[in-house]
Every structure is written in structure tokens, then in C-alpha cells.
Amino acid sequence: MTHKPSGFNSKLVHGAGAKDPMGSVITPIYQTSTFAFKSADHGAACFAGESDGYIYTRIGNPTIRDLEKTIALLENGYDGIGCSSGMGAINTVYMSYLGAGKHIVSHNAVYGPSRGIIENTFHRFGVESSYVDTTDLEQVKAAIKPNTALIYIESPANPTIGISDIPAICALAHQHKIPVCVDNTFCSPYLQKPLVLGADIVLHSLTKFLNGHADIVGGIIITKTETDYKKVRSMMVSLGCNMDPHQAFLTRRGLKTLAIRIDRAQENAIKVAEFLESHPKVDWIMYPGLVSHPQYELGKKMMSGPGSMISFGLKGGLEAGKKLMDNVELCVLAVSLGGIETLIQHPASMTHSKLSAVAKKEGGISDELVRLSVGIEEAEDIIGDLEQALAKI
Ligand SMILES: Cc1ncc(COP(=O)(O)O)c(C=O)c1O
């Protein structure tokens with residue numbers, strides 16, 4: 001190709017340019033655990049890294065490689081590492097950079113299990129942690145210690161939708177030679193590119209926007225450098241949290257419509273957020289597209305759009321929230337996010353329920369917080385459903 005596609009949709013559709021040897025337009029599912037070598041020498045060369053040939057699916061597989069290279073292209077990264085789930089990706093990063101005597105600084109409102117595994121398990125192995133409000137740079141500065149080995153943030157964070165200043169945190173971290181990893185699940189590379197903003201590693205739960213159809217569980221890590229890529233890939237291979245080829249195939253298919261899906265969901269979310277903000281039963285709302293969001297200006301600088309994730313609290317607290325969730329008809333009461341259908345859930349009793357009361361309080365995961373992942377249905381139908389359910393409170 002003389003003209004290299006530079007448009008985001010062109011990259012989504014054509015990916016990193018994988019060419020199937022049989023001419024298949026779509027990269028097929030290489031449903032195999034192992035690959036035949038052409039000779040003993042070829043096998044030895046594959047293991048020595050002197051040949052590109054595949055060895056074993058835990059180490060690499062053409063269907064998974066197509067997805068990894070495509071997402072690395074979208075994130076402006078060096079290369080990608082597919083994982084069995086978002087948590088598989090997160091733990092692979094933790095295991096790659098942390099160890100006994102090392103310290104992690106992270107957002108006190110990250111996805112519950114991302115914090116839970118550090119406090120419940122990594123602490124047992126001598127890892128130290130500081131969970132602070134990373135939307136406040138001064139708190140990040142104060143938390144850094146001589147043994148800090150990783151700064152791990154989520155922006156916007158799940159479920160508070162707080163926005164952290166990625167370029168400022170990276171500049172600070174790099175003064176101390178600390179790598180920064182950003183969980184970009186809420187934005188996807190369509191709305192935000194953390195590696196371009198200064199981060200060293202970006203990861204996603206593919207289960208969400210990148211696949212977009214609520215029919216797989218997967219994760220991916222993209223690094224900026226070859227050194228980090230090799231370190232993280234070898235950890236993923238040793239941990240054995242590789243992706244499955246069928247998962248990768250479905251994700252590659254879902255990925256093609258990422259921009260179209262996000263544009264549509266975001267258009268709806270703006271209307272839903274405006275409706276909720278003006279509703280007399282809504283106490284507060286956090287949505288990056290509303291000027292009332294405390295980091296509205298920062299969000300506009302880092303993200304090309306506000307996305308489709310909304311958090312809000314109702315007057316009447318948890319009881320009112322429960323009533324709302326029990327009465328919605330079109331919005332589905334379910335965890336997860338980023339699919340084509342609108343989902344509603346209650347983080348304090350669902351996704352973040354395993355966190356201690358202190359961790360929930362520090363992270364602003366209040367009992368009344370309801371999280372909405374706006375889908376691609378007609379905005380009028382989503383609003384109509386919320387309106388009828390709110391009327392029952
Ligand atoms: C922001 C964020 N990161 C990571 C994860 C974990 O992903 P998975 O469920 O694919 O393991 C989730 C899941 O909800 C999430 O919301």
C-alpha cells in the first residue's frame with residue numbers, strides 16, 4: 001500500500017495489516033494449542049527468538065497477534081499483549097513491576113478488584129501501597145517514596161468518573177524514574193491516548209468498549225517501549241493468563257465499529273446526563289461532558305469526547321437508588337460497561353463490594369452512587385425508561 005491509512009476508522013477496519021496466507025479477508029480463528037515446526041532447526045530458531053514462527057498459543061497465536069498489533073497501533077504503542085481478562089492484564093503489570101519492598105501509588109477510586117488484589121494479596125508478599133486521590137497532583141507528589149516502583153491510575157476512574165492529570169502525573173513520575181500505567185478502559189484509544197500523554201503502559205479490559213458486545217472477557221496491555229514489552233510479555237507467558245483465539249477473533253470483529261459505537265453512545269450520554277442533571281430527584285451527577293464536572297477543562301484537554309459513563313446519586317440515597325434499579329425496564333441491571341446496551345449498577349454493593357469500608361469512603365464510592373453505561377439505543381427510549389423508573393421513587 002503506497003498510502004498508509006491514518007484515519008482512526010481506517011485503522012479500526014484494516015488493523016495492522018495482517019495478511020492471512022490463505023487470503024482470508026478476516027483473520028481466522030487459529031484454534032490450536034501448538035504449531036508444527038518445519039524442522040528441528042526451525043523449532044530451535046523459534047525458541048531462540050531468531051524466527052517469527054509460532055510455538056504454542058500461551059506464547060503467541062496469529063489471531064491474538066492481529067488484535068495485539070491493531071490495538072498497539074490505535075494506542076500509538078510499541079506492541080500489545082493480549083490477556084485472559086482485564087484483571088489478567090492488571091495483575092501481569094503488577095507482577096512485572098512490583099515485588100517485596102516495592103511500593104505502588106494508585107488512585108483511591110480505581111476499579112475495586114485492582115485495589116483489592118494489592119491490599120488483600122500483594123501486601124502478603126511485602127508490596128506496599130498508597131491509595132490517594134490522584135485527581136489532586138499534590139497527593140500523588142506526597143505519596144511517592146524512594147521505593148515507589150509503579151504509579152497506576154485510571155482516568156476517568158471507575159466508578160467516580162474523577163479525571164487525573166495524566167501528563168502532569170507522568171512528568172512527576174519520570175523525574176523519579178517511576179513508570180506510569182493507565183487503565184484506559186473507560187475511554188478507549190478513540191477518546192484518549194495515554195501513551196501520547198506521557199504514560200509508559202496502557203491497559204484495557206477488552207470486555208468493555210473495545211469488544212463492545214458484552215460477549216467476551218479479555219484484556220490487553222500496550223507498552224511504549226520494546227524493553228517494557230519484552231518484560232511484560234514474558235511475565236504474561238509465565239503467568240499463563242493468555243487470551244484465547246476465539247476471544248481475540250470476536251474482539252477484533254467488535255473493534256471495527258468502536259468509533260461508530262462510541263460516537264452514538266456518547267451522543268446519547270450527553271442527552272441522558274442533561275436529563276439527569278435537571279431532574280428534581282437527582283442529588284448530584286458526575287459526567288465529563290457537563291461543566292459541573294470538577295475536572296471538566298482537564299477532561300477536554302486529554303479526551304476528544306466525554307464518553308458514555310455517568311455516575312449519579314439520588315436524593316433519598318441508597319433506598320432511592322435501589323428503587324430506580326428495580327424499576328428500569330430497558331436499562332439492564334448488570335455490572336460491566338461499554339457494550340451496545342445501556343447497563344445500570346450499584347458499585348458499593350456490586351463491583352466494589354469487596355473493598356473495606358475505609359477504602360470505599362476514601363475512594364468516594366458512596367452508598368447512593370449509581371453507575372450508568374449508556375448504550376446505543378434511541379436516547380428518547382433510555383431517558384423515557386429512567387423517567388418512568390424515577391417517577392416510582
Ligand atoms: C476500569 C476497569 N478496569 C479493569 C476491569 C477488569 O476487567 P475484566 O472484568 O475484564 O477482568 C474492569 C471491569 O469492570 C474495569 O471497569
Within segment 99-121, can you find the residues that are over 15 Å from residue 353 (Cα atoms) and either within 16 Å of the ligand (Cβ to nearest atom) or crowded, with 22+ Cβ neighbours inside 10 Å (or both)?
104, 105, 106, 107, 118, 121
Options 3, 42; residue that is outside the structural domain of residue 218 (by TED's automatic domain parsing) and open to solvent by 10 Å² or more (accessible area, probe 1.4 Å)
3
Quick check, is residue 251 more than 30 Å from residue 376 (Cα to Cα) and open to solvent by less than 10 Å² (accessible area, probe 1.4 Å)?
no
List every residue pair whose Cβ atoms sit under 6 Å apart, with the two residues 6 or more apart in sequence or on different chains, where the first one lies in segment 15-26 and is of a type in the set (Gly, Ala, Ser) and the second, anywhere, is open to solvent by 60 Å² or more (accessible area, probe 1.4 Å).
16/69; 16/73
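Residue-by-condition table, conditions (1) over 26 Å from residue 10 (Cβ atoms); (2) among the charged types (D, E, K, R); (3) at pLDDT below 95:
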residue: 215; (1), (2), (3): no, yes, no
residue: 224; (1), (2), (3): no, yes, no
residue: 233; (1), (2), (3): yes, yes, no
residue: 241; (1), (2), (3): yes, no, no
Checking the conditions here, which among 131, 152 is surrounded by fewer than 24 Cβ atoms within 10 Å (Cβ to Cβ) and outside the structural domain of residue 313 (by TED's automatic domain parsing)?
131
All but one of (1) within 30 Å of residue 64 (Cβ to Cβ); (2) out of contact with any Gly (no Cβ under 6 Å at 6 or more places or on another chain); (3) in contact (Cβ under 8 Å) with a residue 12 or more places away in the chain hold for residue 227, so report the exception by its number.
(3)
What's the number of the only condition in (1) more than 24 Å from residue 114 (Cα to Cα); (2) free of Cβ contacts under 8 Å to residues at least 12 places away in the same chain that residue 361 fails to meet?
(1)
Which is within 29 Å of residue 374 (Cβ to Cβ) and surrounded by fewer than 23 Cβ atoms within 10 Å (Cβ to Cβ), of 210, 206, 197?
197
Tell me whether segment 215-225 contains one or more residues that are open to solvent by 40 Å² or more (accessible area, probe 1.4 Å) and within 24 Å of residue 29 (Cβ to Cβ).
yes
Out of the helices (runs of 4 or more DSSP H) lying entirely within segment 34-99, which hold 1 or more residues that are touching a strand residue (DSSP E or B) at 6+ places or on another chain (Cβ under 6 Å) and farther than 18 Å from residue 230 by Cα?
86-97
Being within 16 Å of the ligand (Cβ to nearest atom) and of a type in the set (Gly, Ala, Ser) is the requirement here; does residue 155 meet it?
yes
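The values are calculated or read from the model by the stated rules, or taken from the named source; none is laboratory data. As the structure is a computational prediction, the values presented were derived from the model and not from experiment. Using ideal geometry, Cβ is built from the backbone for each residue, glycine included, and neighbour counts are taken over all protein chains shown. Please note that ligands, DNA and RNA were not included when accessible areas were found on the heavy atoms of the full protein model with its side chains. Shrake-Rupley method; radii C 1.70, N 1.55, O 1.52, S 1.80 Å.
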